[in-house]
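Data block below; observations after.
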Amino acid sequence: MLHEPAAPAGRDPAFLYKRRLGVLYFLIYTVVYVGFVVINLVSPTLMAVSVLGGLNFAVVYGFGLIILAFLLALAYNRSCGRKEAELAEVPDGGH
Amino acid sequence: MEVLSVVLFVLIVGFVLVLSFYFARRAKSASGYYAAGGQIHWSVNGIAFAGDYLSAASFLGICGMIATAGYDGFLYSIGFLAGWVVALFVVAEPLKRLGKYTFTDALDANYNSKGIKLLAAISTLIVSICYLIPQMVGAGALVTPLLGFPHWAGVVLVGCIVIVIVATAGMTSTTYVQFIKGGLLLVFSTILVIGVLSRGLTTTPDQGGSVPYREYGSMAAVESGGTLTPADSSYSVRAVVDSKGLRFARLSHGNLESWWKVDSSGGKIVLHEAQSIVAKSDGSTLVNGKPLSPQNQLRQVGNLESIGGKTGAEAKTGGLDPVSYLSLIGNEKTSVRRWKEAKLKDGSDSVTVYYPVLTSGSKILRPGLKFQVEGTPLERIDFASLMIALFLGTAALPHILIRYYTVPSPAAARKSTIVAIAAIGTFYLLTLFMGLGAMTSGVINLQDNNMSAPLLARTFGTFLFSMISAIAFATVLGTVSGLIIAASGAVAHDLLDRFAGVIKNDRQKVLVGKIVAFVVGGIAIVLGILFRGVNVSFLVGLAFAVAASANLPSIVMMLFWKKTNAKGITASIFVGVTSAILLIVFSPTMYELYGIDAALAPVPLRNPGIISIPLSLLTLIIVSLVTRKKQEIATAPAA
């Protein structure tokens, strides 16, 4: 019984675009995140180097990862929203 | 126990309960109970996401770990936030599109497989219970200073209140509780950080003037013919005990006995004053040489020994901006007095000694104090394993995933995730300041670092302490509610309805869900008492590893690999859950909890993700390919 989605979603012509973009942004972030882990493992003392206003590399990189997640999220939402609006204007959801 | 604390606590808990009863009328249908009718606004849901996610682990555990291990605690903030990237870019919209009430719905949408329903529901139950343990441990830690209750009473109190909330109103009330709590947590954490920065740094913290700074003594000693003699003749040595390469001495001074760490480096012997708890063979307990009592407890600790090379009054900085605050603490000429623990036997007495160590600021603000990134290859693998689990765990947590069903559309699911990232990211930036504030303000409870942030708030007055503690308590209430709803959805919707087909109507499904809430709540209470004192972030890290191993390979492969089939998903969940749980049960961490020497643990890793996640993924690929091939052969036309 009752196996359909709670709030049925209509057809989404922007689905493929959003999926591709999502994967791209995910890969970008993953590279930066993996970079953080690898530097800690391969050259941990590099993290102690002062790089910005007396802040060391570890603090700058760590804060950077948090801020980057937010910036990518904003960019992703903007692109998705635009694409959704663009395709919604085309009656057949086509090109 | 202070009156204001109790009043604020009662007000917040009362408010949460009133909200639950108010929303109870919306929870008559299954959609209302499990998914808030799918009608929550994305902005409310986004902050509620933050409320759900910023659990006891984030507020209590991360701040506590930063207070004792510096940047290593902040690694959890980085990893927990990074996990939202996976949730947003990979999981959010497709999951919303496919599911109804539970994560199993989405996973099973294209397969209609009994195996997936069964395994995914069991996995949801197990992950929810793993995640419940740290929340309950946090609840117990909170009520002790707030209400004066023992740890177990706090756990029972949370369990009972949450069962009432969940059994009353389900997802709608949980959403609004989380929304309000998430908002309050952000506001009051910001106020606390502003307080920390305005106060600046000093080498003699006095908890806002309420507790005079205590200087811990050091004195020279000489050793001849195996006899240790302190330079100060008013002290005499009663015993010297070796423990894991360290030496400790029991000294008497007048009628008082105390423990000191013996430091023999550099050719000279120096004794450093420590704190101690002695469990006597007659059952009595001594704290710092005197009988344990409400007035005689371990002293709170943590301070800077020097700030940028300066000591004493000239080191005091006054108000600082965030960059100066961090750069001063991370300065190589800054020195932090941290405390370590050693357990030893003194005749028939069991002694726990807490002794000070000085750590350079440059080591405080980079990884290495808890996770040995410069240690053995195994220790490095352990670090990588933790970071992988944190990154991949968020998008596999059932209580987070079900929140995607409370909004009306996939676009709303996406937008609410972005609000969540903004709110959660902001909070995690604040954790570093709160944790370091606790580390340098003499507020750390040596037996339980989980209370570092609330105790830091207490140095700014009773109101802030009471508010922060009450919010932290509400944090636990909200998160536990969400977890119990996820668990009850797994049993009522996935197992009894979709798997077994014994649920006859919507009303029955809600009723069964409420009964399950009682049972899961009871289990959580028992486990919360058993795991007392373990850092809650660490426990949540393990829950992340179980979630990521059990669920993430299936979710991702279902979305991106066309050859994925039901048997592959079923096998992957089974292998993921089983391997992660077994690796944890036989890990050094659990051996320490069992009271067995950690070196005897058959699994050398403390974090299982690096083994169990790839194993689960590999299982999915192999089983999907093999069973697909068999199916193709079986259905191929005869030549």
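The values are calculated or read from the model by the stated rules, or taken from the named source; none is laboratory data. From a predicted model like this one, the values you see are computed outputs, not experimental measurements. Neighbour counts run over all protein chains shown; Cβ positions are idealised from the backbone, glycine included.
When the stretch B:429-443 is filtered for residues that are surrounded by 24 or more Cβ atoms within 10 Å (Cβ to Cβ) and at the interface with another protein chain (Cβ under 9 Å from one of its Cβ atoms), only B:432 remains.
Which of the residues spanning the stretch B:62-121 are part of a helix (DSSP H, G or I) and on the phi > 0 side of the Ramachandran plot? None - no residue of the stretch B:62-121 is part of a helix (DSSP H, G or I) and on the phi > 0 side of the Ramachandran plot, so the list stays empty. For the residues B:527, B:455, B:446, B:511, the requirement of being away from chain A (no Cβ under 14 Å) and surrounded by 24 or more Cβ atoms within 10 Å (Cβ to Cβ) singles out B:455.
Inspect all residues belonging to the stretch A:13-36 and state whether any of them is part of a helix (DSSP H, G or I), at pLDDT 85 or above, facing chain B (nearest Cβ under 8 Å) and over 21 Å from the mean Cα position of the chain (by Cα). No, there is no match, as no residue in the stretch A:13-36 is part of a helix (DSSP H, G or I), at pLDDT 85 or above, facing chain B (nearest Cβ under 8 Å) and over 21 Å from the mean Cα position of the chain (by Cα). Listed by first and then second residue, the pairs with beta-carbon distance under 7 Å, at least 6 apart or on different chains, first residue in the stretch B:390-408 and more than 10 Å from chain A (Cβ to nearest Cβ), second in a helix (DSSP H, G or I) and among the acidic types (Asp, Glu), are B:399/B:52; B:400/B:52; B:403/B:52.
Here is a yes/no grid of residues against (1) of a type in the set (Lys, Arg); (2) within 20 Å of the chain's Cα centre (by Cα):
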{"residue": "B:528", "(1), (2)": "no, yes"}
{"residue": "B:564", "(1), (2)": "no, no"}
{"residue": "B:575", "(1), (2)": "no, no"}
{"residue": "B:583", "(1), (2)": "no, yes"}
{"residue": "B:590", "(1), (2)": "no, yes"}
{"residue": "B:606", "(1), (2)": "yes, yes"}
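Here residue B:414 meets each of (1) charged (D, E, K, R); (2) surrounded by fewer than 24 Cβ atoms within 10 Å (Cβ to Cβ); (3) facing chain A (nearest Cβ under 10 Å) with one exception, condition (2). Among the residues making up the stretch B:320-336, those that are more than 10 Å from chain A (Cβ to nearest Cβ) and without any contact (Cβ under 8 Å) to a residue 40 or more places away in the chain are B:333, B:334, B:335.
Consider the stretch B:366-382 and keep the residues that are at the interface with chain A (Cβ under 7 Å from one of its Cβ atoms) and touching a Leu at 6+ places or on another chain (Cβ under 7 Å). The one that is surrounded by the fewest Cβ atoms within 10 Å (Cβ to Cβ) is B:380. Output the residue which, of all residues in the stretch A:51-85 that are loosely packed, with under 15 Cβ neighbours inside 10 Å and not in a helix (DSSP H, G or I), is modelled with the highest pLDDT. Per the criteria, the residue is A:51.
For (1) modelled with pLDDT of 85 or more; (2) of a type in the set (Ser, Thr, Tyr); (3) more than 30 Å from residue B:150 (Cβ to Cβ), each residue gets a yes or a no:
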position	(1), (2), (3)
B:407	no, no, yes
B:411	no, no, yes
B:426	yes, yes, yes
B:434	yes, no, no
B:441	yes, yes, no
B:444	yes, no, no
B:448	no, no, no
B:454	yes, no, no
B:464	yes, no, no
